[in-house]
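The numbers here are math on the coordinates, done by the rules we state, and not lab data. From a predicted model like this one, the values you see are computed outputs, not experimental measurements. Quick reminder, even Gly has a Cβ in these numbers, built from the backbone with ideal geometry, and neighbours come from all protein chains shown.
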Amino acid sequence: MARDYDPAVGRYVESDPIGLRAGTNTYLYVTGRPTLNVDTQGLFSLTMSASWSMTDDVPHPPHTAPGGHTEATVQTRCDCKGCGTNWQLAGCSAKLRVTVSLYDGVTDPVEAEFYRSSEAQHVADFRAGTDTIQKAGADAEALLVGKMFTTKYDCELTSLTSVAAAVEAAAHKVSQDSEDRYDHGAHTWMGAPLRNLNPYYWIF
């Protein structure tokens, strides 16, 4: 579920789908501190969206049968301005997309709610980590501001390679920290029945 931001009031229009796990104010935008979540160059921007879906299978380690899975992808874009043989970075942006899959074969409602709550914790970790990801992108971008390139292609390729690498590394760390925090027992439903999940979705 992606939410709409209302700049007139400085908050989201829709309540956070993970409820109070995100904090007591479920309409909050960047933890209520938008002035601290900025790029001093006024260029780099980061947006995050989270979507939930039910599925007949979820990615899982071999010989396990989890009830949910959360993953994130980052799409980064950089644009340059100029003419002739003089080009420089105009700005970069990134979209962090968090996707949650819940296994629809769970028949026990208590177990199903456990999986929903578990994956919501990962989503909350990504939301909390947006400051870190934003800073990584802004810092990488700042190193390129003012640098001149002879072609638009070289400018955008060089900028994208550098900024995307920084953003993806930061997002990966947020993901890894969340996995280390929860996925070694805390998100395991004790006594879950053995399910016939597709080996095609094994994660190594």
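Some points to look at:
- T150 paired with K95, simple spin-label distance in nm, labels 7 Å along Cα-to-beta-carbon: 3.5
- Among 106-112, 167-173, the peptide with the highest mean count of other Cβ atoms within 10 Å heads the list, and the full ranking is 167-173, 106-112.
- Distance between the 7 Å Cα→Cβ label points at T158 and K81: 1.9 nm.
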